[in-house]
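Below: the structure, in structure tokens.
The values are calculated or read from the model by the stated rules, or taken from the named source; none is laboratory data. As the structure is a prediction and not an experimental result, all values here were calculated from the model. Here the Cβ positions follow ideal geometry from the backbone for every residue, glycine too, while neighbour counts run over all protein chains shown.
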Amino acid sequence: MAEQGRNTLTVVDNRTGREYEVDIHDGNVINAMDLRQIRVKDDDFGMMSYDPAFKNTASTRSRVTFIDGGEGILRYRGYPIEQLAENASFLETAYLILKGELPTQSQLDQFVHDVTFHTYIHENIRELLHSFRYDAHAMGMMVSAVASLSTFYPESKEILDADTRWIQMIRIIAKMPTLAAFTYRHHRGLPHVYPENELSYTANFLNMLFRIGVKQYHPNPVLERALDILFILHADHEQNCSATTMRVIGSAEADPYVSMSGAMAALYGPLHGGANEAVLRMLKRIGSIDNIPSFIEGVKNREERLMGFGHRVYKAYDPRASIIKRTADEVFEVTGRNDLLDIALELEKIALNEEFFVSRNLYPNVDFYSGLIYQALGFPVEMFPVLFAIPRCVGWLAQWEELLRDDEQRIARPRQVYHGSGERAFVAVDER
Ligand code: SDX
């Protein structure tokens, strides 16, 4: 038996009595491939780990985002989310996430300039958006539109060239608000409003969404800043479902546009980014504070999920939810109070004192309050996951580039534990 204090794991295979020593690194990590030496017969495949939904498996090393789920800590490249939400703009934060350092003024000016001058989309993509039904879900349109961008920039397949990657990143960050605004205007049967280069990233987005007729659109600065903060809060979140999807598709060396359309499809799911839409629908369904106790009973009986609560990593309050809750108050000062907020606040208060939720460490996550702000800003619920995807494209791109530059990475191809039939002979149809 190895002496205590060594940074290794000693494994005894009781089938053979053999002992194996496995290195521990990064404090609590072993390499799954080190398990393969554990065999009964020398020509065995060796030991595997079984981990559905990857609940206890690190798929990568990363330097982008740090989360401490127990303490409710979230940092982008080491900077606490609270300080970025307080002091930075979304594009400044995007630069930090992509490049790893806060930009100097000249770096930021150049980045803002480059994004600003790539906001237009090809007219054929505008026509593609027109081909959808008026009531097509905005996320379905966005997944298609982002994938179609790959056909307009075939050079994006040169994914190993840093300069080519960078210009695609600029294009994606720049065009996401334009595509989103065009899907919204399609819904409303309104003409598209083209990007205005003298507006800020967020003001330009609001202009393309809501300008009706007026010569010059000036969004309320409180609402413009609130949306910028929401974009900062949603920019990345390490190896979540959609970032993992981006990495898995990217590991096959697909171009960033089709990789990101896959990530957006994952985000669309109601358990992930689609939760903000599901929260609003849930609050509307509850309808009044009086109905909360029966709804909570339904959740405890597994008839319902309290959407916007719970998280795979956070077992404390999602730090983003706290910031969003404060931002909601500032927005409602301008837009007027949303009566669904009262239901949400009461729901949170009751849930945080219910054993069912406390015992499962279920706290509000980023989606619980964000939808209330989006609704107050005038967005229909179908746009809520799109508002998540716009900033999250920065995180997806940072994770994608980190994957491509990581020498340890290969094409993603997990193993399985086979539980199907053994070999059997084909039976002709008239004998079945
Ligand atoms: C996002 O990963 C990320 O970082 C994602 C994200 C990001 O920025 O990218 O943070 C964004 O996706 C936030 C999560 C948004 N989704 C929702 O709000 C949907 C509602 N929440 C859940 O469905 C759930 O909490 C998940 C999906 C978020 C996490 O699910 P897990 O980790 O797989 O946990 P689980 O489903 O196994 O639940 C553990 C227990 C279960 O109870 P038991 O069966 O063990 O008795 O908690 C219960 C669940 O039934 N539970 C809930 C619940 N969430 C978990 N019960 C009621 N309501 C809920 N919301």
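Some notes on this structure:
- Of the helices (runs of 4 or more DSSP H) contained entirely in region 248-344, those carrying at least 3 residues that are under 23 Å from the mean Cα position of the chain (by Cα) and within 12 Å of the ligand (Cβ to nearest atom) fall at 256-268, 275-286, 319-335.
- Residue list for region 250-281, restricted to those being aromatic (Phe, Trp, Tyr) and within 30 Å of Asp342 (Cβ to Cβ): Tyr268
- Of all residues in region 398-410, none are within 16 Å of the ligand (Cβ to nearest atom) and more than 30 Å from Asp51 (Cβ to Cβ).
- Considering residues of region 137-161 that are assigned to a loop (DSSP other than H, G, I, E, B) and in contact (Cβ under 8 Å) with a residue 12 or more places away in the chain only, the residue farthest from Val381 (Cα to Cα): Leu160
- Within region 17-30, the residues that satisfy the criterion of being part of a loop (DSSP other than H, G, I, E, B) and surrounded by 13 or more Cβ atoms within 10 Å (Cβ to Cβ) are Ile24, Ile30.
- Test for Ala203: is it in contact (Cβ under 8 Å) with a residue 12 or more places away in the chain and within 16 Å of the ligand (Cβ to nearest atom): no
- Among the residues of region 225-236, those that are within 12 Å of the ligand (Cβ to nearest atom) and either in a loop (DSSP other than H, G, I, E, B) or of a type in the set (D, E, K, R) (or both) comprise His234, Ala235, Asp236.
- Out of Gln416, Gln409, sole residue that is surrounded by 14 or more Cβ atoms within 10 Å (Cβ to Cβ) and either part of a loop (DSSP other than H, G, I, E, B) or more than 21 Å from the chain's Cα centre (by Cα) (or both): Gln409
- Within region 175-199, the set of residues being in contact (Cβ under 8 Å) with a residue 60 or more places away in the chain and either surrounded by fewer than 19 Cβ atoms within 10 Å (Cβ to Cβ) or not aromatic (Phe, Trp, Tyr) (or both) comprises Met176, Pro177, Ala180, Thr183, His187, His192, Tyr194, Pro195, Asn197.
- Some residue of region 237-247 being at pLDDT below 95 and either part of a helix (DSSP H, G or I) or within 10 Å of the ligand (Cβ to nearest atom) (or both): no
- Taking first residues from region 415-428 that are modelled with pLDDT of 95 or more and partners that are assigned to a loop (DSSP other than H, G, I, E, B) and surrounded by 10 or more Cβ atoms within 10 Å (Cβ to Cβ), the Cβ contacts under 8 Å between residues at least 6 apart in sequence or on separate chains come to Arg415/Met48; Val417/Met48.
Condition check ((1) at pLDDT 95 or above; (2) more than 30 Å from Ile170 (Cβ to Cβ); (3) not charged (D, E, K, R)) across all residues:
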| site | (1), (2), (3) |
| --- | --- |
| Glu19 | yes, yes, no |
| Val29 | yes, yes, yes |
| Leu35 | yes, yes, yes |
| Ile73 | yes, yes, yes |
| Thr93 | yes, no, yes |
| Glu101 | yes, no, no |
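- Among (1) surrounded by 18 or more Cβ atoms within 10 Å (Cβ to Cβ); (2) closer than 21 Å to Pro270 by Cα - the single one Glu238 does not satisfy: (1)
- Filter result for Arg75 (within 30 Å of Thr202 (Cα to Cα) and of a type in the set (D, E, K, R)): yes
- Only one of the numbered conditions (1) surrounded by 15 or more Cβ atoms within 10 Å (Cβ to Cβ); (2) touching a Phe, Trp or Tyr at 6+ places or on another chain (Cβ under 7 Å); (3) farther than 19 Å from Phe379 by Cα is not met by Arg305, and that is (2).
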